[in-house]
Amino acid sequence: MRRTKEDAHNTREDILNAAVTIFSEKGVGASTLEEIAQKANVTRGAIYWHFKNKAEIFDALHERMHRPIVEMLIEDIEKDHPEPIQQLRDMCVRLLMNIEEDAMKRQAMMLFIIKTNYSGDMAIYKENYLAKKEEGKKLFRRYFEKAQKAGKLSKDSNPELLTEAISCYMKGVLHEYLINPEGFNMKKKAPQLIELFLNNIGLNEGN
C-alpha cells in the first residue's frame, strides 16, 4: 500500500517520540536504533528512511523543540505592543506554561537540560546546541531593545546583559521544575517568578 505524506510524517513523529523516551532512560550513547525501532513499533528500515543515525535523530529532536519556540518569538516580537517588557513577561510565562502542559515537550526539555551535558561522546552535538541557544537569545534581546527604543527601559540598561540574565533565570526555573514537577506549581509560580525578575531591571520611572 502506498504511503502518504501524512503516514511518513506520523512515522517520523513516532520515531522521535520513542527516541525521547529511550535517550532519557539510557542516554544517547547507550541507546540503539533497534531499541528506538521497537519502542516506535517500526522497522529499522523505517528509521533509516528518515534518519541516517542517532546523531540525526538527536538533532531532529532538538530542532522539533527549538523551532516552534523561535517561530513563536518571531511572531510575537513583530507585534506592535505598547509595553515591550509586559510583552516579554507574558511570553516568558507562556513558554514556561507550554512546557508544563505538554508532556512530550517536558520530556524533551528534561533530556536537553538535565540529562545531556554535551561532553565526551556528546560533544559532537554541542556546536548545534549552542547555535540554537544563541538564536533564541538574539530574539529575547529584541524585546529589551524594543523597550529601550520606546523609552520603557533606561538608556543605561544593557540589552545584551539583560538577555543573558533572563536566559540564566529561565533555565534555572525550568531546572527546578523538571527535577520536581509534582512539587513545583508552575501555573502559580511562573507568573510570580517572571514578575519578580522583570520588576527591577532599569525601567524608566512611570513604567
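Values for this structure:
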| item | result |
| --- | --- |
| Test: residue in region 26-41 that is surrounded by 14 or more Cβ atoms within 10 Å (Cβ to Cβ) and among the charged types (D, E, K, R) | yes |
| Residue among Ile194, Ile99, Ile201 that is assigned to a loop (DSSP other than H, G, I, E, B) and not acidic (Asp, Glu) | Ile201 |
| Helices (runs of 4 or more DSSP H) wholly inside region 1-93 that include at least 1 residues being in contact (Cβ under 8 Å) with a residue 24 or more places away in the chain, touching a Leu at 6+ places or on another chain (Cβ under 6 Å) and of a type outside the set (D, E, K, R) | 5-26, 44-50, 54-77 |
| Residue identified as free of Cβ contacts under 8 Å to residues at least 12 places away in the same chain, on the phi < 0 side of the Ramachandran plot and open to solvent by less than 80 Å² (accessible area, probe 1.4 Å) among Glu134, Glu164 | Glu134 |
| Asn117 being within 19 Å of Lys132 (Cβ to Cβ), assigned to a loop (DSSP other than H, G, I, E, B) and without any contact (Cβ under 8 Å) to a residue 24 or more places away in the chain | yes |
| Qualifying residue in region 99-110 (condition: closer than 22 Å to Glu182 by Cα, outside the structural domain of Lys26 (by TED's automatic domain parsing) and of a type in the set (S, T, N, Q)) | yes |
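The values are calculated or read from the model by the stated rules, or taken from the named source; none is laboratory data. All figures in this text were calculated on a predicted structure; none of them were measured in a lab. For neighbour counting, all protein chains shown are included, and Cβ atoms are generated from backbone atoms with ideal geometry for every residue, glycine included. To get the accessible areas, we keep the full protein, side chains included, count just its heavy atoms, and leave off ligands, DNA and RNA. Shrake-Rupley method; radii C 1.70, N 1.55, O 1.52, S 1.80 Å.
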